[in-house]
Amino acid sequence: MKNAIESFAALSQETRLKAFRLLVQHEPDGLPAGEIARQLNVPHNTLSAHLSVLSQAGLVISQRQSRSIIYRADLSHMRTMIQFLARDCCGGHPDVCESLASCLDDSFAAANNF
């Protein structure tokens, strides 16, 4: 529960949500921090703070490549969040949401070549 709250709280700010969505679009290669800042039209220091929040929530991972830091969306964490929502729904009757959970599992696997 605590991890879900941290993750959803991190995404509840517009710039962080845009950054995360941008990183999802650029999987599996990711983007350098400077490119994220440029595409979102956000100052570098502001973006750095947002990426830190996303990283602490487990939504992004970073890797140094030469002089750049490349950020990527953590798709396994995103999948866990979506599954948390789908499996925890329907007032204790998971069978009602089973088709949704199954659909999410299938579409996520197809979209990510799993």
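Quick note: the coordinates plus some simple rules give every number you see, no bench work behind them. Everything quoted here is computed from the prediction, not taken from an experiment. Cβ atoms come from the backbone with ideal geometry, glycine included; neighbour counts cover every protein chain shown.
So for segment 2-73, taking the charge dipole from beta-carbon charges (+1 Lys/Arg, -1 Asp/Glu), which of Ser55, Ala19, Ile69 sits furthest toward the positive end?
Going by the charge dipole, the pick is Ile69.
Under 8 Å for C-alpha pairs, at least 6 residues apart: give me the relative contact order for segment 2-73, rounded to a whole percent.
39 percent
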